[in-house]
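Okay, structure first, notes after.
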Amino acid sequence: MTLDDAVRLLGLSREARWTFPSSSGRPVPREAPEWVERFLAEKASFVEAAHLLLASGHAQQATEIAANVWRLWILSRDIGGGHAFLSVVLDAAPPEPTRARALALYGDGLFAFWRGALDEARARNDAAVAAAQASGDPEALALAHLGRSRVALSDGDHALARTLAERARELARPLGEAMGQAPLHMCAQAAWAEEDLAAAAALFSESLELNRRIGDEGMVVVELHNLGHVEVRRGNVDEAERLFEECARHEKADDAYGLAMREVNAAAIACARRQRDLALDRLSRAEAMLSKLGVDPSAEDQSEIRWVRSQLSRPDGA
């Protein structure tokens, strides 16, 4: 690769238009735009271009490539590869507080979060906030606060997570609905973790409608699931069941994890209706399915499983 090739790839990276820029999941719809496949085919070339630019003394351009395309590794679920790409660029480039560096730091913080490296995620997001504040870029500031919110929620500091998510949402508001997607979801998650059920229900409902409008089908499923469990806790069992049924209609038939979560949902409904034997049966099915898959449930889903178990262990439980 020549330096001219690297500059061409820098220009190409600037054409990226991520549909859901604040999502920690898919940054584009399942029916992805045409350019996404072209970019995925160039993943290795983007890495090579960034390395060449670094070696040639063009660290800012290398950082810009990284900031523009790191979501390709989220899309392909190559978390380790994405971290390897970003960490080389971030550690080799001078720590100038630019928009590009702030966005790349946020990206590496997300990769660290996915890997369960919370200390690293916290450090990267703190650095992202500092770089974003110095650069004055509102998108970078919104994402950096969002990243810090995710870490705070995982740390169990629910109040801080909510404060940071609300700040991210405020910063994202002028940038369009899609930018506010994840901050709104995090506001709902933090309220849910704080057991502020009324606020959680309102925020998850708002997030559900937002995701319907912007066409993120995956997040529609997530928020139907979340809102259903909030309604179970609020005692609105019929509404929860309706939400779970709609959730099931949106899920893919071959989604084994989703099928396991359907059993968890059914167990929660049975628990709420004091149908102890049915709740035990559905929960046992869910746990057997998850064991067969060899995956651990997400933190949120683990919380729902624990809740069902706690209800079943009560003398007056289901």
(request) Measure off, as a whole percent, the carbon and sulfur share of the 1.4 Å-probe accessible area of the stretch 49-148, all protein chains present. (result) 53
(message) Just want the answer: with Cβ charges of +1 for Lys and Arg and -1 for Asp and Glu, which residue in Ala260, Ile305, Ala279 is farthest toward the dipole's positive end in the stretch 254-312?
(response) Ala279
(request) Output ³J(HN,Hα) for the stretch 19-32: one whole-Hz value per residue in order, computed from phi by the Karplus curve 6.51 cos²θ - 1.76 cosθ + 1.60 with θ = phi - 60°, and x for Gly and Pro. (result) 5, 10, x, 9, 6, 8, x, 5, x, 9, x, 4, 8, 6
(request) In debye, nearest 20, what is the charge dipole magnitude of the chain about its Cα centre with +1 on Lys and Arg Cβ and -1 on Asp and Glu Cβ, if you could check? (result) 220
(message) So if I place +1 on the C-beta of Lys and Arg and -1 on the C-beta of Asp and Glu, and nothing else carries charge, what would the dipole magnitude of the stretch 184-318 be about its Cα centre? I want it in debye, nearest 20.
(response) 440
(message) Tell me the angle of helix 118-135 to the major Cα principal axis of the chain, expressed in degrees between 0 and 90 and rounded to the nearest ten.
(response) 50
(message) Treating only the Cβ of Lys, Arg, Asp and Glu as charged (+1, +1, -1, -1), what charge dipole size does the stretch 54-149 show about its Cα centre? Round to the nearest 20 debye.
(response) 200
(message) Can you compute 3J(HN,Hα) from phi for each residue in the stretch 43-57, using the Karplus curve 6.51 cos²θ - 1.76 cosθ + 1.60 with θ = phi - 60°, rounded to whole Hz and x for Gly and Pro?
(response) 3, 5, 5, 4, 4, 4, 5, 5, 5, 5, 5, 4, 5, 8, x
(message) I'd like the trypsin sites (Lys or Arg not before Pro) in the stretch 9-89 restricted to DSSP loop residues with at most 14 other Cβ atoms within 10 Å, sorted by number.
(response) Arg14, Arg17, Arg30, Arg77
(request) For the stretch 108-126 and the stretch 1-67, write down the distance between their C-alpha centroids in whole Å. (result) 21
(request) Enter the angle in degrees (range 0 to 90, nearest 10) between the Cα long axis of helix 217-234 and the first principal axis of the Cα atoms of the chain, meaning the one along which they spread out most. (result) 40
(message) Through the Karplus equation 6.51 cos²θ - 1.76 cosθ + 1.60, θ set to phi - 60°, convert the phi angles of the stretch 76-90 into ³J(HN,Hα) values in whole Hz; use x for Gly and Pro.
(response) 8, 6, 9, 5, x, x, x, 5, 4, 5, 5, 5, 4, 5, 5
(request) Give me the percent of Cα-Cα pairs in the chain that sit more than 37 Å apart, rounded to a whole number. (result) 21
(message) Can you compute the helix-only [θ] at 222 nm over the chain? Use -39500 (n - 2.57) per DSSP H run of at least 4 residues, normalise by all residues, nearest 500 deg cm²/dmol.
(response) -24500 deg cm²/dmol
(message) Taking a cut-off of 18 Å, what percent of all Cα-Cα pairs in the stretch 2-158 are separated by more than that?
(response) 55
(message) From the gyration tensor of the Cα coordinates in the stretch 195-318, what semi-axes in whole Å does the equivalent ellipsoid have, largest first, with each one equal to sqrt(5λ)?
(response) 23, 18, 12
(request) Whole number in Å², please: accessible area per residue of the stretch 128-250, 1.4 Å probe, ligands, DNA and RNA not counted. (result) 39
(message) With angles folded into 0 to 90 degrees, how steeply does helix 276-293 sit against the dominant principal axis of the chain? Use alpha carbons for both and round to 10.
(response) 30
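The values are calculated or read from the model by the stated rules, or taken from the named source; none is laboratory data. Keep in mind that this is a model prediction, so the values were computed, not measured. Please note: Cβ atoms are built from the backbone with ideal geometry, for glycine as well, and neighbour counts cover all protein chains shown. Side chains included, ligands, DNA and RNA excluded: accessible areas come from the protein's heavy atoms. Shrake-Rupley method; radii C 1.70, N 1.55, O 1.52, S 1.80 Å.
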